[in-house]
Each structure stands twice: as structure tokens, then as C-alpha cells.
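**Q** What follows is a structure written as C-alpha cells; I'll ask about it next.
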Amino acid sequence: MRPEVVAHRGASAHRAEHTLGAYELAIEQGADAFECDVRVSRDGQLVCVHDRRIDRTSNGRGVVSELTVSRMAHLDFSGWHHQTHERGVLTLDALLGLAKDSSVRLFVETKHPVRYAGLVEAKLVALLARHGLNAPEDKQNSPVVMMSFSSAAVRRVREAAPRVPTVLLFDRLPKRLGSGMLPPWADHAGPDVRLLRRHSDYVARAAEHGHDTYCWTVDDPADVELCARAGVRYVATNRPADTRSRLDQG
């Protein structure tokens, strides 16, 4: 079975990451799913920003947790990527609406460490409830998947919304994960592609324990082919069209 193509922060090789333009392009490029990072703004909204600060991805400055959505509304979040200027920070609420309208799955990564600790997971579960997505009929077809590098964050979502599938992300392979076994609150393994280059058999070990693998960030054609051979279920990429074409050819 071909791995599912997940647009990492949208089609972010071609449009500024975490903008509606990047996600709309991902749809055009045939992505099966979106990926986004979320943080809590000063006024308690979930916003799609990877970094602790907005300096890199906007023409403004400051820490996300100290800025309100209205304060960020006039900022340009796309001009740095040399595209049509798109003003205002993208909220998760807006991205959920696009994902639902497009029937595209959404992988949501909560960022840690953050000032508000577990509030980001509480806000996520509450927002999913407002969209009717906090209790899917089954995990395999859930429109939303939660992810984090923080095991505690994944556990918080499992306790608050036990039917929402989860991914434990990691960029190293400690002994406790090397066998392919995950904590009971994690459904899927989320290794960095650099780990798979050294441990390509990890995907099979995880599968033996009933865990599919979500691999990030896969742009190089050799890495795409590696993921396909290894049996990775979800491939996160900045180049959805190229990655999908490579997988279809294989």
C-alpha cells in the first residue's frame, strides 16, 4: 500500500509555511493530509506557528504566547517566502474548516515546552469538540490525529479524548523505544527520517507491536523510496506533488 502523503506545514517548499495558500496548494498537489504545529496565543487561541517567536515567519517580532490574534492580524506571514502577501496568523480553527471542507486529514502537533504547559492540549480537545471531531467512530478514519514530542502531552490528549489517534514524535531512538513498543497512550510511531536511514527495520518492529509509522520530513527522493520500502504509513513532506509522484512511480 502506498504511504499517505502528509503536507508538512502545507506545501511549504512552494508557499510560506502555515498559510492558507500553502495548504490550498497542498490540496492541488494531491496531499492526503495536512500537518501543522500549534501554540496558544495570549488571548487563548490556537495558532499555527512552529517557532516560539514569529520573527522568522512574519514581518513582526515577539513571542507567540505574548501576542493576541488581533495583534498578529495585520502582520505579513508570507512575504518572507516571496509569494503574494497573506496577512494574519493562521488559526487552527480556520485550518480545521479547510480540512473538513476538503475531506483532508489533519495531523496537529502541539509544541513543547511552552509557557502554558498542558493548556495547549486542553484547548485542542475543546476545539475538536466544537467541530464534532473529539470522538470519532474509529481511529483509522479519524479526521484529526494529535502529535507531540512530549509523551506527557500525548497522554493528556489520550485521557481527555481517548478516541482521537496519537503520534509520539522522536528524533532519537532510546532503548525504551528501540523495540518498536510505544507507551500505551501512543498509537503511532513518529521517527525522524534520519533515524530510518540508520534503523530501516524500525518500521517492522513497530508494526509487530501494532503501531503504524509517521515519518518526517521526507523530501529527498532516496528517503521517499526508503519509506516506501520500509512500509511507512504516513510520509510528511514539504513537497507533496513530488513525493506523491515518486511514490506512484514506485
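**Q** Looking at region 159-169, which of its residues are crowded, with 16+ Cβ neighbours inside 10 Å and touching a Phe, Trp or Tyr at 6+ places or on another chain (Cβ under 9 Å)?
**A** Once the filter is applied, which keeps residues that are crowded, with 16+ Cβ neighbours inside 10 Å and touching a Phe, Trp or Tyr at 6+ places or on another chain (Cβ under 9 Å), region 159-169 yields Thr166, Val167, Leu168, Leu169.
**Q** Take the conditions in contact (Cβ under 8 Å) with a residue 60 or more places away in the chain, out of contact with any strand residue (DSSP E or B) (no Cβ under 6 Å at 6 or more places or on another chain) and part of a helix (DSSP H, G or I) and apply them to Ala204. Does it pass?
**A** In short, no.
**Q** Quick test for you: out of Val114, Val125, Val120, Val69, pick the one residue that is more than 15 Å from Ser148 (Cα to Cα) and β-branched (Val, Ile, Thr).
**A** Only one candidate passes the filter, namely Val69.
**Q** With the structure loaded, tell me whether Ala94 is within 28 Å of Val125 (Cβ to Cβ) and buried (at least 22 other Cβ atoms within 10 Å of the Cβ) or whether it fails that test.
**A** Taking the combined requirement at face value, the residue does not satisfy it.
**Q** Can you name the condition, by its number, that Tyr214 falls short on among (1) under 17 Å from Glu35 (Cβ atoms); (2) in contact with a Ser or Thr (Cβ under 6 Å, 6 or more places away or on another chain)?
**A** So the condition that Tyr214 fails would be (2).
**Q** Please find, within region 116-136, the residue that is nearest to Glu66 (Cα to Cα) out of those that are without any contact (Cβ under 8 Å) to a residue 24 or more places away in the chain and outside any helix (DSSP H, G or I).
**A** Ala117
Each value in this text was obtained by applying a stated rule to the coordinates, not by laboratory testing. Because the structure is predicted, anything quoted here is derived from the model rather than measured. Every residue, glycine as well, gets a Cβ built from its backbone with ideal geometry; the counts of neighbours run over all protein chains shown.
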